[in-house]
């Protein structure tokens, strides 16, 4: 019973394998470069940023995967709109 109730409050984010390590490393370096290169002076900054950056990448992938399919428009449909 508790499992059913707790499942109601879980996010609907699809479970995915996880992003590629090179993608995570590149995202960490880009985030550091854009926010402040002085972050590199902090010990183990890559390790500290690993999980937050990984979660952000997973979230963005989930958002993109949930986008609806594109719709096709033709001249006739555009004339009806305008």
List, please: which pairs have Cβ atoms under 7 Å, are six or more places apart or on different chains, and start with a residue in the stretch 16-38 that is over 11 Å from residue 57 (Cα atoms) and end with one that is outside any helix (DSSP H, G or I)? none
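Residue check: is residue 61 assigned to a helix (DSSP H, G or I) and in contact with a helix residue (DSSP H, G or I) (Cβ under 8 Å, 6 or more places away or on another chain)?
So residue 61 fails the test.
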Among residues belonging to the stretch 16-37 that are within 25 Å of residue 66 (Cα to Cα), more than 12 Å from the chain's Cα centre (by Cα) and not in a helix (DSSP H, G or I), point out the one that is modelled with the lowest pLDDT. 17
For the stretch 38-72, enumerate the residues that are farther than 23 Å from residue 18 by Cα and either under 11 Å from the mean Cα position of the chain (by Cα) or surrounded by 10 or more Cβ atoms within 10 Å (Cβ to Cβ) (or both). 39, 40, 42
Can you pull out the residues in the stretch 41-80 that are closer than 16 Å to residue 24 by Cβ and without any contact (Cβ under 8 Å) to a residue 12 or more places away in the chain? 44, 47, 48, 51, 52, 55, 60
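The values are calculated or read from the model by the stated rules, or taken from the named source; none is laboratory data. Note that the structure is a prediction, hence the values are computed from the model and not measured. No Cβ is skipped: glycine too gets one built from the backbone with ideal geometry, and neighbour counts run over all protein chains shown.
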